[in-house]
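Here is the structure we will look at, set down as structure tokens.
Throughout, read-outs are computed from the coordinates displayed, never taken from laboratory work. Just so you know, these numbers come straight off a predicted model, no measurement behind them. Counting neighbours? That spans all protein chains shown, and the Cβs are built from the backbone with ideal geometry, glycine included.
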Amino acid sequence: MSIPPAIAARHKGFNRAEIVDQNFTEFVHSWDGGVAAAPADDAPVLPGSALDARGFRELLESQLISRHLDLMARVLRVQNKVFYTIGSGGHEGNAMVARLTRHTDPAFLHYRSGGFMAERFRKIPGMDPVMDSALSFAASKDDPASGGRHKVWGSKPLWVLPQTSTIASHLPKALGTAIAIDHARRIGHTLPVPEDSIAICSFGDASSNHATAQTAFNAAAWTAYQKLPAPVLFVCEDNGIGISVKTPGGWVASNFQHRSNLDYFFADGLDLAEGYAQVRRAVEHCRNTRRPTFLHLKTTRVMGHAGTDFEIEWRSIEELCAVEASDPLLRSAAIALESGLYSKDALLDLYETTRKRCFAGAEEADRRPRLERLEDVMAPLAPYSPAKVKAEAERADYADARLKAFGSEAKLPENQPPRHLAIQIGQALHDVMAKYPESLLFGEDVAQKGGVYTVTKGLHKAFKNTRVFNTLLDETVILGLAQGYANMGMLPIPEIQYLAYFHNACDQIRGEAASLQFFSNGQYRNPLVMRVASLGYQKGFGGHFHNDNSIAALRDIPGLIVGCPSRGDDAAAMLRTLMALAKVDGRVCAFLEPIALYMTKDLYEAGDGRWQFDYPAPGQAMPPGEGRVYNEGAHDLVVFTFGNGVPMALRAARQIEAQHGWQVRVVDLRWLVPLNDAFIAEQARTARRILVLDEGRKSAGVGEGVITAIVEGGCGATPLERVVGADTFTPLAGAALLVLPGEADVVAAAQALAGRG
């Protein structure tokens, strides 16, 4: 199509949203096709269509709501009444997916899902998609999805779990939810949704290339290959472009049409009359076969990526006009007129009435209050109910389940002699899994093998493959599964084999799990306790990926709780509390287990057995933030540390006492996120000298937070030294000890403090 230069110049100054808006009106006015007699409500809207007239009218109304919300946002954004302009223009055909699924099918949606949401609102009478969406666009406190924290597509009653402009990072947890739906039956867990529900997950064609998307597709196929149910409907809304990067023509079909164990369906999302049967086939296949299903939904994108995307600056007029001519609302208008369901005047009246409704909703939303206090913003991020958590952590009403898990009264861990860390973590896991029948433990090598370090030994035998099982080697999927199980009311305990491996999948905790309560205003939660073999000083099997002390990535995740024991009895007490935090408050927790201390039995000399401890009987737990203090009355030097640093500091203290005559107090922080600033300051106030021992790297450890708490607690004048790791990766073998702090470094730091008077 060739456009004269004068017309092209005129178009260049036009707002493309205005042109798209005008196109609809002009199309209706100029339509000159034949008109049939209006079909009955239950008759096909057009001959041969699977969509009946009633369904078409409702889908059309949903499409128009979505479109006018987009147009409203473009107009009112410049007036600071609306704060989000990534629209659904061209994707309104996804309303068919909503119509053909249930409101109890958990949905994880692409941000271009206005049509889907408008249609799903029909599932529950009395709900208003316009007002709810307007409140979200306006960032109002009254927004029922996020409480004004973000423009998200979300709804608790409609089972739409909010996503925040994700780039495919929601696919693993959608798959996890689908797997959890069918897994629940095998452990006797009552689901919050019907047993034949499916999980819906939509995304763009560009996002389908993302590593996180590919790992979800692979895991779905891996699951189906083993004949395990995974009823997830992957909806790829293919508009042919990602922001400004075009998807090669035919790429999505070529990439997905012939994948084994990922069942492919195509549907025309630009044509309701044609696409409806195609979408229905995909939905029915997913629900009936319980297999992962890939629905390739043809869409387009009108009005650009967002309000700030001036496509005219980088796309030709010819290309823009061609895209706008494929607008699905024009095809819907043609169906409306050709079928005889609407006259031109009636259709335009519906169009303008919908516009007025959306603008009226937006104006009302603008009058509603917005978040104005920090405490209101943060309220749903990290809920903590101290009394309830304490009661739950100390609850000990599961004696019969314990006996079954451990085998006999004599084998109960509190009736055993003092044991080391690895054994007592394993005992604690038996304990909490007996206590919580909805708990699941999974990861790489955790089942028959019992874990790389035998920490999970015996769990598979005690709780069978339905509750303790191996996964494929993919940390992103492991954490996606954890979120899915949590979404369905279970208590997952995923294991990440090494801390370095967590960094492969960090966004599943940072961007997804830890943000859900915040962006759903506390309506959704995904409680989980992630176990990670961690930290340095490992002998015989080291190197960076097995000697990783990088905790900074975890400390930067809002709302996350991180515990790190140095001894077995603490580990058991902390695990009880972490499970209670997950159960009561829906918290996302990380439990860092120091690999080098797993098998450590001695403290000062070989055979002394002084790093083995009695197992705490049920009824004993540890409040979050509570540290352990060794030699509490000592004030000459106070050492703050955690994990491997605790026995190291205790050994170094003997040398320091011998050299300087000082009494040394060692403070084990135990809880690294959030740090207990008040506890740290309290310990620092009575110290004559302070030493912070942190095996993390100098520029990215825990020590900075400890020192900040000391200074802000009014103890900044106290002489202080920091002993930390070097800013480097950890090498193999003995060279590792050159970059990690050691006892000699602690003693030298004490000498430096002595030299300062």
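Taking every DSSP beta bridge that has both ends in the chain, the antiparallel portion is near 20%. If R0 is 25 Å, what FRET efficiency do you get for Arg756 and Val629 from their C-beta distance, rounded to 0.05? After rounding to 0.05, the efficiency reads 0.55. For Leu341, neighbours were defined as the other residues whose beta-carbon sits under 15 Å from its Cβ, and their charges (Lys and Arg +1, Asp and Glu -1) total -4.
The shape of region 386-597 can be summarised by an equivalent ellipsoid whose semi-axes, obtained from the alpha carbon gyration tensor, come to 24, 22, 16 Å from longest to shortest. Placing a label point 7 Å from the Cα of Ile86 along the Cα-to-Cβ direction, the residues of region 230-262 whose backbone N falls under 20 Å of that point are 234-247. The ranking of Phe469, Phe56 from fewest to most other beta carbons within 10 Å of each one's beta carbon is Phe469, Phe56.
The mean of 1/r over all pairs of different alpha-carbon atoms in region 150-216, once inverted, gives a Kirkwood hydrodynamic radius of 13.2 Å. Neighbour counts of other Cβ atoms within 10 Å put Thr476, Thr247 in the fewest-to-most order Thr247, Thr476.
Near Thr289: Cβ cut-off under 13 Å, other residues only, Lys/Arg at +1 and Asp/Glu at -1. The net charge is +1. Using a cutoff of 8 angstrom between alpha carbon atoms and counting only pairs six or more residues apart, the relative contact order for the chain works out to 12 percent.
Which net charge results for the neighbourhood of Ser534, defined as the other residues with beta-carbon distances under 11 angstrom from its beta-carbon, given Lys and Arg at +1 and Asp and Glu at -1?
Its environment carries a net charge of -2.
Under 18 Å from the Cα of Lys464, which aspartates and glutamates turn up, not counting those fewer than eight places away in the same chain? Cα-Cα hits under 18 Å: Asp182, Asp400, Asp431, Glu438, Glu444, Asp445, Glu495. Phi-derived couplings, Karplus 6.51 cos²θ - 1.76 cosθ + 1.60 at θ = phi - 60°, listed residue by residue for region 703-711: x, 4, x, 5, 5, 4, 5, 5, 5 Hz, with x used for Gly and Pro. Let a ≥ b ≥ c be the square roots of the eigenvalues of the Cα gyration tensor of region 628-755; is it rounded (a/c under 1.5), or, if not, prolate (a/b larger than b/c) or oblate? Cα axes put region 628-755 in the oblate bin. Judged by the ratio a/c of the largest to the smallest principal axis of the C-alpha gyration tensor, region 458-537 counts as oblate, that ratio being 1.5 or greater while a/b is no larger than b/c. Distance from the Cα centroid of region 109-169 to that of region 268-318 is 19 Å (rounded to whole angstrom). Which of the three applies to region 1-152, rounded, prolate or oblate, going by the alpha-carbon gyration tensor with a ≥ b ≥ c and a/c under 1.5 meaning rounded? Oblate is the answer for region 1-152, as a/c is 1.5 or above yet b/c matches or exceeds a/b. Rg and Dmax of the chain, both derived from C-alpha coordinates alone, stand at 29.8, 102 Å. For Phe266, nonlocal amide neighbours, meaning residues 5 or more places apart or on other chains whose placed amide H falls under 5 Å from its own, are His296.
Scalar couplings 3J(HN,Hα) for region 633-644, obtained by applying the Karplus form with A = 6.51, B = -1.76, C = 1.60 to θ = phi - 60°, are x, 7, 10, 5, 9, 10, 9, 9, 7, 6, x, 4 Hz; x denotes Gly and Pro. Exceedance of the 19 Å cut-off in Cα-Cα distance is limited, within the set Lys246/Lys298; Lys388/Lys435; Lys435/Lys461; Lys81/Lys156; Lys411/Lys461, to Lys81/Lys156.
Inter-part distance, region 597-626 to region 635-663, computed on C-alpha centroids, equals 18 Å. Length gained on full extension, Met127 to Glu318: 64.6 nm, using 0.36 nm per residue less the C-alpha separation. For Val235, the residues whose modelled amide H falls within less than 5 Å of its own, excluding neighbours fewer than 5 places apart on the same chain, are Cys201, Ser202, Phe203, Leu295. Once backbone amide H atoms are built at 1.01 Å from N, Val562 has Ala590, Leu672, Val673 as its partners under 5 Å, excluding neighbours fewer than 5 places away on the same chain.
Ranked by the mean number of other Cβ atoms within 10 Å of their residues, highest first, the peptides 226-234, 131-139 fall in the order 131-139, 226-234.
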